[in-house]
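The values are calculated or read from the model by the stated rules, or taken from the named source; none is laboratory data. Computed from a predicted structure; not experimentally measured. A quick note on method: Cβ atoms are made from the backbone with ideal geometry, for glycine too, and the neighbour counts reach across all protein chains shown. All accessible areas refer to the heavy atoms of the entire protein, side chains included, with ligands and DNA or RNA removed. Shrake-Rupley method; radii C 1.70, N 1.55, O 1.52, S 1.80 Å.
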Amino acid sequence: MSGYLNKAQLIGNLGADPESRTMQSGGLVVTLSVATSESWRDQASGERRTRTEWHRVVIFYEGLGRIAEQYLTKGTKAYV
């Protein structure tokens with residue numbers, strides 16, 4: 001083990017309904033697309049700017065995947 005931990009916390013809106021697939025082993029895989037936005041005021045022009053970044057989240061845990069399928073829809077705010 002390398003001794004490092006990579007951790008990310010996202011709060012954003014879903015760009016589409018969760019997509020679910022079944023693996024050959026029978027397990028459930030749910031994919032989410034989460035949009036996070038950053039906004040700031042441009043110092044040169046003074047106008048407000050925003051930048052949206054898309055994140056692809058894949059859930060392999062079947063229990064959590066079922067909850068995501070049931071309760072999450074496009075536009076829902078999610079904390080991942």
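For this structure, a couple of remarks:
- Leu14 falls short on exactly one of the conditions (1) open to solvent by 50 Å² or more (accessible area, probe 1.4 Å); (2) within 15 Å of Val80 (Cβ to Cβ), and that condition is (1).
- For the residues Ala44, Ala35, Ala16, the requirement of being hydrophobic (A, V, I, L, M, F, W, C) and in contact (Cβ under 8 Å) with a residue 24 or more places away in the chain singles out Ala16.
- Of all residues in region 53-79, those being loosely packed, with under 14 Cβ neighbours inside 10 Å and touching a residue at least 60 places away in the same chain (Cβ under 8 Å) number 4.
- Among (1) surrounded by 10 or more Cβ atoms within 10 Å (Cβ to Cβ); (2) in contact with a strand residue (DSSP E or B) (Cβ under 6 Å, 6 or more places away or on another chain); (3) modelled with pLDDT under 95 - the single one Thr50 does not satisfy: (1)
- Residue count for region 8-51 under the criterion of being over 17 Å from Leu64 (Cβ atoms), touching a Leu at 6+ places or on another chain (Cβ under 9 Å) and assigned to a loop (DSSP other than H, G, I, E, B): the result is 2.
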